[in-house]
2 protein chains.
Amino acid sequence: MTDAAPRRGRGRPTRTQTQAAPATRDRILEAAREEFSERGYEKTSVRGIAKSAGVDSALVHHYFGTKEQVFEAAIEVAFAPALGAPEKIVEGPLDGVGERLTRFVLGIWENPTSRTPLLAIVRSAVNNDTAAAVFRRLVAAQLLRRIAGRIDLPDPELRAELAAAQLVGVAMLRHVIKVEPLASADLERIVARVAPVVQGHLTNP
Amino acid sequence: MTDAAPRRGRGRPTRTQTQAAPATRDRILEAAREEFSERGYEKTSVRGIAKSAGVDSALVHHYFGTKEQVFEAAIEVAFAPALGAPEKIVEGPLDGVGERLTRFVLGIWENPTSRTPLLAIVRSAVNNDTAAAVFRRLVAAQLLRRIAGRIDLPDPELRAELAAAQLVGVAMLRHVIKVEPLASADLERIVARVAPVVQGHLTNP
């Protein structure tokens, strides 16, 4: 949580600002998350984030760099539970990995608190190539590759991505497009049908 | 193709305009598709569509009604091949339906000509609830329900939607987020893994 190695460059803060670093940094990140959630990637500006956090734009650049880097930091916070989860999901018997992954991903979408920032990220990624690249870098590199690392079969990365595709599609149709009966179906009914598919992608010969 | 029952209401066209109806209607639809593709649902206006088609806004309202109805008509044109396809896909032996559906849906996304309007529709549906409702009405009611109609097992609609979710997710990760190796993988490798999953959703006991 300490700000041991702040980014050097334009808008280097004064001594007073540096002392308040962790709190200020968190406040900027929170403002960034709200701005990106409300406006999407394209319409959000570093100036708007700074204003909302009550700091100078230079300070946002100082801590995070470009708008793309602020976005990446904001996503990283929103995804923190997901990005820390692969060990828990992949640890333990491989024949339960499909259900653990399904429950975990769909669970994030069931909870309105975690759904809102996720939805904002998905919207940004669908609309903007830079935001898509950030999403890809974080989710693909940090989440999918780590799951793939545990698969001792041909095409582990493709397998992990097709398993993810099933879950992404369910989240899209259930929570974004809201197709019925999927949108209102009991989560357990969905898990019962989807978990074996995710498992199959990952571990079927 | 004749305009037998034009919508009554404001902006009823003159006799000269009515005689040119099919061509004018098509021109408006084409302009609508381009405007929605370029700007998305929210930023597109009936006025902008009219301007691009070289007609008065009243004529757009006359033929199609509200912006939502213009959007629906534009989507219907873009989806015409897909909406006409369920018979071809569901006809024939049920044990090949997974592969036929997979090839059909992923095939639309492989072709840049059909991918562009589809991407515009998906972007609009992800960003705007009205656009999502149109998408849901068309795709769910016309495509998914017709597939579900052929399934003689419990939960036919949920099955069709989970099969669709797998395909939606593959399209998203391959063509929108562009996760590798999925984005560059040969289509046949993807079909080989995905078709059995789609088949399973639809016909496994």
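The values are calculated or read from the model by the stated rules, or taken from the named source; none is laboratory data. In this text the structure is predicted, and so the values were computed from the model without any measurement. As a convention, Cβ positions derive from the backbone with ideal geometry for all residues, glycine included, and neighbour counts pool all protein chains shown.
Among the residues of the stretch B:138-161, how many are part of a helix (DSSP H, G or I), surrounded by 18 or more Cβ atoms within 10 Å (Cβ to Cβ) and touching a residue at least 40 places away in the same chain (Cβ under 8 Å)?
The qualifying residues number 6.
Of the residues that sit in the stretch B:103-129 and are among the aliphatic types (A, V, I, L, M) and within 8 Å of chain A (Cβ to nearest Cβ), which one is nearest to B:Lys178 (Cα to Cα)? Break it down into steps so the answer makes sense when it comes.
So the first thing to find is which residues in the stretch B:103-129 are among the aliphatic types (A, V, I, L, M), and the list is B:105-106, B:108, B:118-122, B:125-126.
In the following step, the residues that additionally are within 8 Å of chain A (Cβ to nearest Cβ) were identified as B:122, B:125-126.
Details: B:Val122: 15, B:Ala125: 19, B:Val126: 17 Å.
Here the answer is B:Val122.
Please indicate, with yes or no, whether at least one residue in the stretch B:145-157 is facing chain A (nearest Cβ under 7 Å) and modelled with pLDDT under 95.
yes
Within the stretch A:177-188, is even one residue of a type in the set (A, V, I, L, M, F, W, C) and either more than 29 Å from B:Ile121 (Cβ to Cβ) or touching a Cys at 6+ places or on another chain (Cβ under 9 Å) (or both)?
no
Listed residues B:Ala164, B:Ala192; which is part of a helix (DSSP H, G or I) and closer than 12 Å to B:Arg103 by Cα?
One residue alone meets the criteria, B:Ala192.
Of the residues in the stretch B:163-173, how many are more than 8 Å from chain A (Cβ to nearest Cβ) and either in contact with a Pro (Cβ under 8 Å, 6 or more places away or on another chain) or under 22 Å from A:Arg123 (Cβ atoms) (or both)?
Of the residues in the stretch B:163-173, 1 are more than 8 Å from chain A (Cβ to nearest Cβ) and either in contact with a Pro (Cβ under 8 Å, 6 or more places away or on another chain) or under 22 Å from A:Arg123 (Cβ atoms) (or both).
Pull up the stretch B:174-189, narrow it to residues that are more than 10 Å from chain A (Cβ to nearest Cβ) and assigned to a helix (DSSP H, G or I), then point me to the one that is nearest to A:Val170 (Cα to Cα).
Within the stretch B:174-189, the match that is nearest to A:Val170 (Cα to Cα) is B:His175.
Out of (1) in contact with a Ser or Thr (Cβ under 8 Å, 6 or more places away or on another chain); (2) surrounded by fewer than 16 Cβ atoms within 10 Å (Cβ to Cβ); (3) assigned to a helix (DSSP H, G or I), the odd one out for A:Ala120 is which?
Single failed check for A:Ala120: (2).
Go through the stretch B:46-106 and tell me which helices (runs of 4 or more DSSP H), entirely inside it, have 3 or more residues that are at pLDDT below 90.
In the stretch B:46-106, B:67-78, B:80-83, B:86-90 are the helices (runs of 4 or more DSSP H) which contain 3 or more residues that are at pLDDT below 90.
Please go through the stretch A:135-144 and pick out each residue that is more than 9 Å from every other protein chain (Cβ to nearest Cβ) and of a type in the set (A, V, I, L, M, F, W, C). Break it down into steps so the answer makes sense when it comes.
Going through the stretch A:135-144, the residues more than 9 Å from every other protein chain (Cβ to nearest Cβ) turn out to be A:137-138, A:141-143.
If the condition is that a residue be more than 9 Å from every other protein chain (Cβ to nearest Cβ) and of a type in the set (A, V, I, L, M, F, W, C), then A:Leu138, A:Ala141, A:Leu143 are the ones that fit.
Within the stretch B:123-137, count every residue that is aliphatic (A, V, I, L, M) and surrounded by fewer than 21 Cβ atoms within 10 Å (Cβ to Cβ).
The total comes to 2.
What are the residues in the stretch B:188-205 that are free of Cβ contacts under 8 Å to residues at least 60 places away in the same chain and under 12 Å from A:Leu162 (Cα atoms), if any?
Within the stretch B:188-205, B:Arg189, B:Ala192, B:Arg193 qualify.
Please state which one of B:Ala132, B:Ala160 is closer than 22 Å to B:Glu87 by Cα, within 10 Å of chain A (Cβ to nearest Cβ) and at pLDDT 85 or above.
After ruling out the rest, the residue left standing is B:Ala160.
Just name the residue that is surrounded by the most Cβ atoms within 10 Å (Cβ to Cβ) out of those in the stretch A:41-58 that are of a type in the set (A, V, I, L, M, F, W, C) and under 13 Å from A:Ala31 (Cα atoms).
Residues of the stretch A:41-58 of a type in the set (A, V, I, L, M, F, W, C): A:46, A:49-50, A:53, A:55, A:58.
So of that shortlist, the ones also under 13 Å from A:Ala31 (Cα atoms) come out as A:46, A:49-50, A:53, A:55.
Working: A:Val46: 20, A:Ile49: 26, A:Ala50: 22, A:Ala53: 22, A:Val55: 22.
Top of the filtered list is A:Ile49.
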